[in-house]
């Protein structure tokens, strides 16, 4: 039986990232999953506890009942941004999910539709835009600015005063020294050590990180 103080949330997505999000919701006391939806996985596909009800059309009965809080649990940044906009157009309110073992320092701000995983930390005065993923064990230190729909992957560490552009991806185990700027839609490879600014759309890897390619 659901805790009467918990709020219903619609979970959109049924891949691996969605399983992590559902598990975080189950660990917490803020929400319960009223329904799971996905555009690809068939109805009946099991996540962790719940099953997929269907695709976009299956939302209608829930919206009619006034259940409008939703979280887009899609790991791909561009897809998460697109689906978030589509759900908002349907009248959904995008909510952030914070694992009870995640940590938001006083003075940090978290936008709508974010996911803060277990052992992730947002430092003092850090600003996370809308739809940001701060994944398992990732840390964003003081005064960082994380753009909308960026993803800081598991075990990545950002020192203070770093700016990350919209839809950028900081790979698993990457490290970024203080004061760097990671451009919009840039990709920092797993385990990379960033000691120079990363241009918009660039893919970097290595220690120290070097540009492998840039967008046209």
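Derivation of every value follows stated rules applied to the coordinates shown; laboratory data play no part. Note that this is a predicted model, so its numbers are computed, not measured. In this analysis, Cβ positions are derived from the backbone assuming ideal geometry, glycine residues included, and neighbour counts consider all displayed protein chains.
Binning the alpha carbon pair distances of segment 150-216 at 10 angstrom intervals from zero yields the distribution 27, 65, 8, 0, expressed in whole percent. Relative to a virtual label point 7 Å from the Cα of residue 195 in the Cα→beta-carbon direction, which members of segment 141-177 show backbone nitrogen distances below 20 Å? Within reach of a label on residue 195, which here means backbone N under 20 Å from a point 7 Å along Cα→Cβ, segment 141-177 contributes 156-163, 171, 173-177.
The distance linking segment 130-188 with segment 23-65 is 28 Å (Cα centroid to Cα centroid, whole angstrom). Mean separation of Cα pairs under 8 Å and 6 or more residues apart, divided by the residue count, gives the chain a relative contact order of 11 percent.
Of all DSSP beta bridges in the chain, what percent run antiparallel (nearest 5)? Don't jump to the answer; show the numbers that get you there.
Values: 4 of 48 bridges.
Antiparallel bridges: around 10 percent, rounded to the nearest 5.
Computed over the chain, the per-residue total of -39500 (n - 2.57) for DSSP H runs of n ≥ 4 gives a 222 nm mean residue ellipticity of -4000 deg cm²/dmol, rounded to 500. Treating segment 96-207 as a set of equal point scatterers at the Cα positions, no solvent, please give the Debye-formula log₁₀ I(q)/I(0) at q = 0.12 Å⁻¹. With one equal scatterer per Cα and no solvent, log10 I(q)/I(0) is -0.31.
Please report the antiparallel percentage of the DSSP beta bridges confined to segment 7-95, to the nearest 5. All intermediate terms of the calculation are to be shown ahead of the outcome.
Values: 1 of 14 bridges.
The antiparallel fraction comes to roughly 5 percent.
Gain on full extension, evaluated as 0.36 nm per residue between residue 177 and residue 112 minus their Cα-Cα distance, stands at 20.7 nm.
What ranking do 141-152, 92-103, 6-17 get when scored by the average of other Cβ atoms within 10 Å per residue, highest first?
Numbers: 141-152: 23.6, 92-103: 18.6, 6-17: 20.2.
Highest-to-lowest ranking by the protection proxy: 141-152, 6-17, 92-103.
Compared with the dominant Cα axis of the chain, that is its longest principal axis, helix 77-89 is turned about 40°. Share of pairwise Cα-Cα distances greater than 29 Å in the chain is 25 percent (whole percent). Taking 0.36 nm per residue of separation and subtracting the current Cα-Cα distance, fully stretching the chain between residue 7 and residue 90 would add 28.0 nm.
Each residue in 139, 45 was given a count of other beta-carbon atoms within 10 angstrom of its own, and listing them fewest first yields 45, 139. Dividing the convex hull volume of the alpha-carbon atoms in segment 7-95 by its residue count gives 82 Å³ per residue.
In the chain, the longest principal axis of the Cα atoms and the axis of helix 16-27 are about 70 degrees apart.
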